[in-house]
1. Zone of residue 307 (label point 7 Å along Cα→Cβ, backbone N under 20 Å): which residues in segment 256-298?
2. For segment 19-114, build the convex hull from the C-alpha positions and give me its volume per residue in Å³.
3. If N is the number of residues in the chain, what value comes out of its Cα radius of gyration divided by 2.2 N^0.38 Å?
4. Any chance you could give the angle, 0 to 90 degrees and rounded to 10, that helix 33-60 forms with the longest Cα principal axis of the chain?
5. For residue 31 and residue 184, FRET efficiency with R0 = 56 Å and r from the beta-carbon atoms, rounded to 0.05?
6. Any chance you could give the angle, 0 to 90 degrees and rounded to 10, that helix 116-133 forms with the longest Cα principal axis of the chain?
7. In what order do 259, 113 fall by count of nearby beta-carbon atoms within 10 Å, going from fewest to most?
8. Could you compute the FRET efficiency for residue 210 and residue 268, with r as their C-beta to C-beta distance and R0 at 22 Å, rounded to 0.05?
């Protein structure tokens, strides 16, 4: 029998509080020597079934990995032997520590010798459901891709939406919500592609999985049961809800400047027979940004706009501006009673927003949650902001990052 008072660990493996140790604490009964030997025997059976695989892995690995595997195996063997050879009266704390050492070594051995593909598969099996649950029911992060919400939100803002709130509270008039593109056409319901688009949305063409709808942010103007109407008064667009004219201090009062923006890096559209992702392809697009006509370029409060990118009238040489109070055809519409399960939504930048005036009522099932606060903000049209850092390594820190917008609540 081993004398626990004189027993020295053959390998210096610190017993640590792990998942296995927590499970042992709850479910493994080690109150005396007999129970410790029983638990050690059960664990040793599982180890014996994998011992040959551990040994083969050690022999096929480089010197460093081989030594780690060998040390772990010896730790397991010595820990189990310490329990088996303990004399009656051995302290329970000693027996528990040896058992925890053994199960910790066994866990690390299984992890380190696991095939790469199996490791990836098991990770995905765990991660994907967690991501889906969080994204569907709790919180969502969203990138603002257009200027329809200016100046409440700007292109490049990264916002957090609270998806849990509408499980307990009804949607209120005036709240900013996040939603799916209501005009998006899903794959046939019931197919794998349908659920992929609905809950994950990342396009993987090689696997036949299509991208889901883009995410929009809109302000709720009218609720189910409300009557909404658009009028032109004194040449300006106004909204009436339940026969009362809305006071809308959040509506963008600045003009929109038409400007060009270049995104992406590569001039090619494919590599061999494989098409390149759109965000990598260099392309120029025309956008409209909120512009303060009382301030020069370089001192604009919302966007870093280069004057050479601003479009001008070819005949007059004046900047191409679109003014917010200039009424358009969609601003005038007759009274509409919003049915149950539907909402009338609009963007704060009315001259730059495709909303209920264009495509009609928003179905409740498209709504994700309430836009709560701006996490951070980067003045960029790029699909991922690090591209902006690569293109403008100096200006990125002084002009492209909107430090003042970090962690701002959305009103």
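Bear in mind these aren't lab numbers, they're just calculated from the coordinates by the rules spelled out. This one's a predicted model, so the numbers in the text were calculated from it and none came from an experiment. In this analysis, Cβ positions are derived from the backbone assuming ideal geometry, glycine residues included, and neighbour counts consider all displayed protein chains.
1. Within reach of a label on residue 307, which here means backbone N under 20 Å from a point 7 Å along Cα→Cβ, segment 256-298 contributes 256-262, 289-298.
2. 88 Å³
3. Working: Rg = 31.2 Å, N = 411, 2.2 N^0.38 = 21.7 Å.
Relative to the 2.2 N^0.38 Å estimate, the chain comes out at 1.44.
4. Roughly 70 degrees, rounded to the nearest 10.
5. On the way: r = 61 Å, r/R0 = 1.08.
Here the calculated transfer efficiency is 0.40.
6. Once rounded, the angle reads 50 degrees.
7. Values: 259 21, 113 18.
Exposure proxy ranking, most exposed first: 113, 259.
8. Details: r = 23 Å, r/R0 = 1.06.
E(calc), rounded to 0.05, equals 0.40.
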